1. Take every Cα pair under 8 Å in segment 3-102 that's 6+ residues apart, average their separations, divide by the length, and report that relative contact order as a whole percent.
2. Tell me the mean residue ellipticity at 222 nm calculated for the chain from its helices only (DSSP H runs of n ≥ 4, each -39500 (n - 2.57), averaged over every residue, nearest 500).
3. Projected onto the charge dipole of segment 1-59 (+1 at Lys/Arg Cβ, -1 at Asp/Glu Cβ, origin at the Cα centre), which of Val11, Val23, Ala40 gives the Cα projection farthest towards the positive end?
4. What percent does the relative contact order of segment 1-47 come to when contacts are Cα pairs within less than 8 Å and at least six residues apart?
5. Stick to the Cα atoms of the chain, pair each with every other, and give me the Kirkwood hydrodynamic radius in Å at one decimal.
Amino acid sequence: MNNLIFYESVVEPPSESLAIRGVCIYLNTFQRKRRILLEAEEANIDIYYKWAKHTGLWDFVEDMISPKDNIFGLRIANKKVRSPFIKLEKISFDNLNHVLTLI
């Protein structure tokens, strides 16, 4: 499984953008073959692209995708999405080690 996909709303508050960047830095350092993608509903792609640029997440995200693109990968989301996925309410420094362990 080479794709790690952040599903749209998990990257917005209450998630901490620096903690999300920490996940991305870890993956770029220790799991170089893994691609980092940001998935958003088609109507929200522009909003999340701007958010990713604003928070610095775009430094690590390779591409924006939508659910209809049918890309396989491990999704991190705060609601039930296409399997396989990890459901988290937020990504923060409080749960960063747990997130990295799950990945």
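Read the figures in this text as sums done on the coordinates, not as results from a lab. For clarity, every value in this text was computed on a predicted model and none was experimentally measured. Methodologically, a virtual Cβ is constructed for each residue, glycine included, from the backbone with ideal geometry; neighbour enumeration extends over all protein chains shown.
1. Value for segment 3-102: 39 percent.
2. Rounded to the nearest 500, the figure is -9500 deg cm²/dmol.
3. It is Val23.
4. 59 percent
5. With all distinct Cα pairs of the chain included, I get 13.4 Å.
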